1. Given charges of +1 on the Cβ of Lys and Arg and -1 on the Cβ of Asp and Glu, with all other atoms neutral, how large is the dipole of the chain about its Cα centre, in debye to the nearest 20?
2. Per residue of the chain, what 222 nm ellipticity follows from adding -39500 (n - 2.57) for every DSSP H run with n ≥ 4, rounded to the nearest 500?
3. Helix check for the chain. Which DSSP H runs span at least 30 Å along their own axis by Cα, with a mean Kyte-Doolittle hydropathy no less than 1.6?
4. Run the numbers for ASP23 and LYS5: contour at 0.36 nm per residue of separation, minus the present Cα-Cα distance, in nm.
5. Residue by residue, what Karplus-based ³J(HN,Hα) values in Hz, rounded to whole numbers, does the stretch 77-86 have, using 6.51, -1.76 and 1.60 with θ = phi - 60° and x for Gly and Pro?
6. Considering only GLU55, GLU116, GLU137, give the residue with the highest GNM mean-square fluctuation for the chain, with springs between Cα atoms whenever their separation is below 10 Å.
7. Which of the pairs LYS186/LYS231; LYS134/LYS167; LYS24/LYS111; LYS187/LYS231 have their Cα atoms more than 31 Å apart in this structure?
8. Could you tell me the relative contact order of the chain? Use alpha-carbon pairs under 8 Å, at least six residues apart, and round to a whole percent.
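The values are calculated or read from the model by the stated rules, or taken from the named source; none is laboratory data. Just so you know, these numbers come straight off a predicted model, no measurement behind them. A quick note on method: Cβ atoms are made from the backbone with ideal geometry, for glycine too, and the neighbour counts reach across all protein chains shown. Areas reflect the complete protein model, heavy atoms only, side chains present, ligands, DNA and RNA absent. Shrake-Rupley method; radii C 1.70, N 1.55, O 1.52, S 1.80 Å.
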Amino acid sequence: MRPHKLTISAFGPYAGNVEVDFDKLGNNGLFLITGDTGAGKTTIFDAITFALFGEASGNARDDSMFRSTYAKPETPTFVELEFEYAGKQYKVKRSPKQLRPKDRGTGLTEKKAEAELQVGTEAPITDIKRVNTKLIEILGVDFNQYSQIAMIAQGQFRELLLADTKKRAEIFRSIFKTVGYLDLQKKLQENVSEVFGKVQDHRKSAAQYISGAICHATNPHATDLSIAKEKFKNGEMPIDEITQLISTIRDEETKKKDDLEKVDQIVGKYKNVKIINKN
(Lines give C-alpha, C1' and ligand atoms only; values in the text may rest on other atoms or scores of the structure.)
Protein backbone atom coordinates (compact mmCIF):
# COMPACT_ATOMS: atom_id res chain seq x y z
CA MET A 1 0.00 0.00 0.00
CA ARG A 2 1.28 3.48 -0.91
CA PRO A 3 -0.35 6.43 0.95
CA HIS A 4 -0.87 9.58 -1.10
CA LYS A 5 -2.60 12.02 1.22
CA LEU A 6 -3.80 11.89 4.82
CA THR A 7 -6.30 14.44 6.13
CA ILE A 8 -6.86 14.72 9.88
CA SER A 9 -9.56 16.85 11.50
CA ALA A 10 -9.99 17.35 15.27
CA PHE A 11 -8.21 14.06 15.80
CA GLY A 12 -5.88 13.39 18.75
CA PRO A 13 -3.77 16.46 19.54
CA TYR A 14 -4.73 18.17 16.24
CA ALA A 15 -7.49 20.65 16.95
CA GLY A 16 -8.08 21.69 13.37
CA ASN A 17 -7.62 20.33 9.88
CA VAL A 18 -4.18 18.96 9.01
CA GLU A 19 -3.03 17.45 5.70
CA VAL A 20 -0.03 15.20 5.16
CA ASP A 21 0.84 14.97 1.46
CA PHE A 22 3.06 11.90 1.16
CA ASP A 23 3.58 12.50 -2.56
CA LYS A 24 5.69 15.54 -1.72
CA LEU A 25 8.09 13.24 0.15
CA GLY A 26 9.11 11.46 -3.05
CA ASN A 27 8.16 8.18 -4.68
CA ASN A 28 10.70 5.78 -3.14
CA GLY A 29 8.01 4.21 -0.97
CA LEU A 30 9.80 4.67 2.35
CA PHE A 31 8.80 7.30 4.91
CA LEU A 32 10.45 8.04 8.24
CA ILE A 33 8.29 9.79 10.81
CA THR A 34 10.47 11.34 13.48
CA GLY A 35 10.18 13.98 16.19
CA ASP A 36 10.24 14.65 19.91
CA THR A 37 8.07 12.74 22.35
CA GLY A 38 4.56 14.17 22.21
CA ALA A 39 5.07 15.75 18.80
CA GLY A 40 2.21 13.71 17.32
CA LYS A 41 4.08 10.92 15.53
CA THR A 42 1.87 8.17 16.87
CA THR A 43 -1.25 10.16 15.95
CA ILE A 44 -0.30 9.84 12.28
CA PHE A 45 -0.08 6.07 12.73
CA ASP A 46 -3.36 6.14 14.61
CA ALA A 47 -5.02 8.14 11.85
CA ILE A 48 -3.87 5.78 9.09
CA THR A 49 -4.93 2.62 10.93
CA PHE A 50 -8.20 4.25 11.99
CA ALA A 51 -8.96 5.17 8.38
CA LEU A 52 -8.25 1.64 7.20
CA PHE A 53 -9.70 -0.42 10.04
CA GLY A 54 -11.65 1.86 12.38
CA GLU A 55 -9.10 1.28 15.14
CA ALA A 56 -5.97 3.10 16.28
CA SER A 57 -2.46 1.68 16.19
CA GLY A 58 -2.10 1.79 19.97
CA ASN A 59 -3.73 -0.69 22.32
CA ALA A 60 -5.15 1.87 24.77
CA ARG A 61 -7.10 4.05 22.36
CA ASP A 62 -10.87 3.93 21.89
CA ASP A 63 -13.50 6.12 20.20
CA SER A 64 -13.72 8.49 23.15
CA MET A 65 -9.99 9.28 22.81
CA PHE A 66 -10.01 10.02 19.08
CA ARG A 67 -11.60 13.46 19.26
CA SER A 68 -9.25 16.27 20.11
CA THR A 69 -9.94 17.95 23.43
CA TYR A 70 -8.70 21.20 21.87
CA ALA A 71 -11.18 21.18 18.97
CA LYS A 72 -14.10 23.58 18.73
CA PRO A 73 -17.54 21.94 19.12
CA GLU A 74 -18.44 22.68 15.49
CA THR A 75 -15.25 21.11 14.10
CA PRO A 76 -15.99 17.52 13.08
CA THR A 77 -13.60 14.67 13.87
CA PHE A 78 -12.69 12.59 10.85
CA VAL A 79 -9.75 11.01 9.03
CA GLU A 80 -9.48 10.69 5.25
CA LEU A 81 -6.81 8.63 3.53
CA GLU A 82 -6.08 8.47 -0.19
CA PHE A 83 -3.90 5.52 -1.09
CA GLU A 84 -2.86 3.21 -3.90
CA TYR A 85 -2.72 -0.57 -3.84
CA ALA A 86 -1.89 -2.95 -6.70
CA GLY A 87 -2.24 -0.11 -9.20
CA LYS A 88 -5.75 0.98 -8.05
CA GLN A 89 -6.69 4.21 -6.29
CA TYR A 90 -8.74 4.26 -3.08
CA LYS A 91 -10.12 6.91 -0.75
CA VAL A 92 -11.49 6.06 2.67
CA LYS A 93 -13.03 8.48 5.14
CA ARG A 94 -14.04 7.66 8.71
CA SER A 95 -15.45 9.56 11.63
CA PRO A 96 -15.77 8.09 15.13
CA LYS A 97 -18.79 8.37 17.37
CA GLN A 98 -18.75 11.95 18.69
CA LEU A 99 -20.78 14.81 20.09
CA ARG A 100 -21.75 17.67 17.83
CA PRO A 101 -23.88 20.82 18.24
CA LYS A 102 -27.61 20.24 17.83
CA ASP A 103 -29.16 21.46 14.57
CA ARG A 104 -31.78 23.29 16.61
CA GLY A 105 -31.42 24.87 19.97
CA THR A 106 -28.42 24.60 22.20
CA GLY A 107 -26.40 21.72 23.53
CA LEU A 108 -24.80 18.69 21.95
CA THR A 109 -26.12 15.50 20.39
CA GLU A 110 -24.38 12.23 19.61
CA LYS A 111 -23.36 11.50 16.06
CA LYS A 112 -22.85 7.86 15.14
CA ALA A 113 -19.64 6.57 13.61
CA GLU A 114 -19.49 6.71 9.81
CA ALA A 115 -17.31 5.27 7.05
CA GLU A 116 -17.09 5.74 3.30
CA LEU A 117 -14.86 3.95 0.80
CA GLN A 118 -14.31 5.06 -2.78
CA VAL A 119 -12.78 2.42 -5.09
CA GLY A 120 -11.61 4.08 -8.29
CA THR A 121 -14.65 5.54 -10.05
CA GLU A 122 -17.12 3.06 -8.54
CA ALA A 123 -20.04 4.15 -6.38
CA PRO A 124 -18.87 4.74 -2.79
CA ILE A 125 -19.50 2.13 -0.09
CA THR A 126 -21.02 3.75 3.00
CA ASP A 127 -21.94 0.84 5.28
CA ILE A 128 -19.28 0.46 8.00
CA LYS A 129 -19.30 -3.36 7.96
CA ARG A 130 -19.04 -3.46 4.19
CA VAL A 131 -16.22 -0.90 4.24
CA ASN A 132 -14.34 -2.96 6.83
CA THR A 133 -14.79 -6.19 4.89
CA LYS A 134 -13.78 -4.59 1.58
CA LEU A 135 -10.61 -3.05 3.01
CA ILE A 136 -9.50 -6.35 4.58
CA GLU A 137 -10.17 -7.98 1.20
CA ILE A 138 -8.10 -5.33 -0.60
CA LEU A 139 -5.16 -5.30 1.80
CA GLY A 140 -5.19 -9.01 2.63
CA VAL A 141 -4.68 -8.36 6.34
CA ASP A 142 -6.83 -7.39 9.30
CA PHE A 143 -6.07 -4.71 11.89
CA ASN A 144 -3.96 -6.90 14.17
CA GLN A 145 -1.82 -8.20 11.31
CA TYR A 146 -1.43 -4.77 9.71
CA SER A 147 -0.36 -3.15 12.96
CA GLN A 148 2.34 -5.81 13.35
CA ILE A 149 3.87 -5.70 9.89
CA ALA A 150 3.13 -2.32 8.29
CA MET A 151 3.03 0.21 11.09
CA ILE A 152 6.54 0.06 12.56
CA ALA A 153 5.71 2.19 15.57
CA GLN A 154 7.00 2.03 19.14
CA GLY A 155 8.37 -1.48 18.93
CA GLN A 156 5.29 -3.13 17.43
CA PHE A 157 7.42 -4.70 14.71
CA ARG A 158 9.19 -6.48 17.53
CA GLU A 159 5.97 -8.39 18.19
CA LEU A 160 6.24 -9.95 14.73
CA LEU A 161 9.89 -10.82 15.27
CA LEU A 162 9.14 -12.45 18.62
CA ALA A 163 5.93 -14.17 17.55
CA ASP A 164 5.96 -17.96 17.57
CA THR A 165 6.21 -19.88 14.31
CA LYS A 166 2.48 -20.57 14.06
CA LYS A 167 1.55 -16.92 14.60
CA ARG A 168 4.13 -15.72 12.09
CA ALA A 169 2.94 -18.27 9.52
CA GLU A 170 -0.62 -17.00 9.88
CA ILE A 171 0.50 -13.41 9.35
CA PHE A 172 2.61 -14.12 6.26
CA ARG A 173 -0.02 -16.48 4.86
CA SER A 174 -2.52 -13.65 5.00
CA ILE A 175 -0.07 -11.09 3.59
CA PHE A 176 0.91 -13.14 0.56
CA LYS A 177 -2.59 -14.58 0.08
CA THR A 178 -1.51 -18.22 0.29
CA VAL A 179 -4.62 -19.39 2.15
CA GLY A 180 -5.74 -21.16 -1.02
CA TYR A 181 -2.52 -23.18 -1.05
CA LEU A 182 -3.11 -24.14 2.58
CA ASP A 183 -6.59 -25.35 1.68
CA LEU A 184 -5.10 -27.30 -1.24
CA GLN A 185 -2.47 -28.80 1.08
CA LYS A 186 -5.15 -29.89 3.55
CA LYS A 187 -7.22 -31.38 0.74
CA LEU A 188 -4.22 -33.29 -0.60
CA GLN A 189 -3.43 -34.53 2.91
CA GLU A 190 -7.01 -35.75 3.26
CA ASN A 191 -6.77 -37.51 -0.11
CA VAL A 192 -3.44 -39.08 0.85
CA SER A 193 -4.91 -40.32 4.14
CA GLU A 194 -7.91 -41.76 2.32
CA VAL A 195 -5.75 -43.52 -0.29
CA PHE A 196 -3.33 -44.73 2.40
CA GLY A 197 -6.26 -46.22 4.33
CA LYS A 198 -7.48 -48.04 1.23
CA VAL A 199 -3.95 -49.31 0.52
CA GLN A 200 -3.70 -50.63 4.07
CA ASP A 201 -7.05 -52.41 3.70
CA HIS A 202 -5.89 -53.97 0.43
CA ARG A 203 -2.62 -55.02 2.06
CA LYS A 204 -4.51 -56.75 4.87
CA SER A 205 -6.75 -58.53 2.37
CA ALA A 206 -3.73 -59.55 0.30
CA ALA A 207 -1.91 -60.80 3.41
CA GLN A 208 -4.91 -62.98 4.30
CA TYR A 209 -5.08 -64.25 0.73
CA ILE A 210 -1.35 -65.05 0.71
CA SER A 211 -1.36 -66.72 4.13
CA GLY A 212 -4.12 -69.04 2.96
CA ALA A 213 -2.44 -69.98 -0.31
CA ILE A 214 -1.48 -73.69 -0.47
CA CYS A 215 -0.62 -76.22 -3.10
CA HIS A 216 -0.12 -79.99 -3.23
CA ALA A 217 3.23 -81.20 -1.96
CA THR A 218 3.92 -82.78 -5.34
CA ASN A 219 3.67 -79.42 -7.08
CA PRO A 220 7.12 -78.33 -8.31
CA HIS A 221 6.50 -74.88 -6.78
CA ALA A 222 5.50 -76.15 -3.33
CA THR A 223 8.89 -75.39 -1.76
CA ASP A 224 9.08 -71.99 -3.51
CA LEU A 225 5.65 -71.04 -2.14
CA SER A 226 6.54 -72.02 1.40
CA ILE A 227 9.76 -69.97 1.32
CA ALA A 228 8.01 -67.00 -0.34
CA LYS A 229 5.26 -66.92 2.31
CA GLU A 230 7.85 -66.80 5.09
CA LYS A 231 9.80 -64.03 3.36
CA PHE A 232 6.63 -62.02 2.77
CA LYS A 233 5.65 -62.39 6.42
CA ASN A 234 9.06 -61.00 7.44
CA GLY A 235 8.85 -58.15 4.93
CA GLU A 236 11.63 -59.60 2.78
CA MET A 237 9.62 -60.10 -0.42
CA PRO A 238 7.50 -57.57 -2.36
CA ILE A 239 3.83 -58.40 -2.61
CA ASP A 240 3.88 -58.38 -6.42
CA GLU A 241 6.50 -61.17 -6.54
CA ILE A 242 4.65 -63.58 -4.28
CA THR A 243 1.31 -62.86 -5.95
CA GLN A 244 2.94 -63.60 -9.29
CA LEU A 245 4.15 -66.95 -7.91
CA ILE A 246 0.67 -67.75 -6.58
CA SER A 247 -0.85 -66.81 -9.95
CA THR A 248 1.59 -69.15 -11.74
CA ILE A 249 0.70 -72.05 -9.39
CA ARG A 250 -3.01 -71.33 -9.79
CA ASP A 251 -2.78 -71.24 -13.59
CA GLU A 252 -0.84 -74.52 -13.68
CA GLU A 253 -3.26 -76.21 -11.28
CA THR A 254 -6.21 -74.91 -13.29
CA LYS A 255 -4.69 -76.35 -16.49
CA LYS A 256 -4.15 -79.72 -14.78
CA LYS A 257 -7.74 -79.67 -13.57
CA ASP A 258 -9.01 -78.89 -17.06
CA ASP A 259 -6.88 -81.73 -18.55
CA LEU A 260 -8.20 -84.21 -15.96
CA GLU A 261 -11.78 -83.15 -16.68
CA LYS A 262 -11.19 -83.77 -20.40
CA VAL A 263 -9.80 -87.22 -19.62
CA ASP A 264 -12.81 -87.97 -17.41
CA GLN A 265 -15.13 -86.90 -20.21
CA ILE A 266 -13.38 -89.23 -22.68
CA VAL A 267 -13.42 -92.12 -20.21
CA GLY A 268 -17.08 -91.48 -19.44
CA LYS A 269 -17.90 -91.49 -23.11
CA TYR A 270 -16.40 -94.92 -23.74
CA LYS A 271 -16.90 -96.63 -20.39
CA ASN A 272 -20.02 -98.52 -21.63
CA VAL A 273 -18.46 -99.50 -24.93
CA LYS A 274 -17.93 -103.30 -25.24
CA ILE A 275 -15.08 -104.62 -27.29
CA ILE A 276 -15.95 -107.91 -29.05
CA ASN A 277 -13.11 -110.11 -30.06
CA LYS A 278 -14.25 -112.29 -32.99
CA ASN A 279 -11.09 -114.30 -32.90
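1. Details: 43 positive and 39 negative charges, 156 e Å.
Roughly 760 debye, rounded to the nearest 20.
2. Working: 9 runs with 131 residues, N = 279.
Rounded to the nearest 500, the figure is -15500 deg cm²/dmol.
3. Working: long enough: 179-211 (47 Å, -0.65); 239-270 (47 Å, -0.89).
Span-like helices here: none at all.
4. On the way: separation 18, 0.36 × 18 = 6.48 nm, distance 0.73 nm.
5.8 nm is the gain from fully extending ASP23 to LYS5.
5. Residue by residue, the stretch 77-86 yields 9, 7, 10, 10, 10, 9, 8, 10, 8, 6 Hz.
6. Answer for the Gaussian network model of the chain: GLU137.
7. Working: LYS186/LYS231 37 Å; LYS134/LYS167 24 Å; LYS24/LYS111 34 Å; LYS187/LYS231 37 Å.
Pairs exceeding the cut-off: LYS186/LYS231; LYS24/LYS111; LYS187/LYS231.
8. 12 percent
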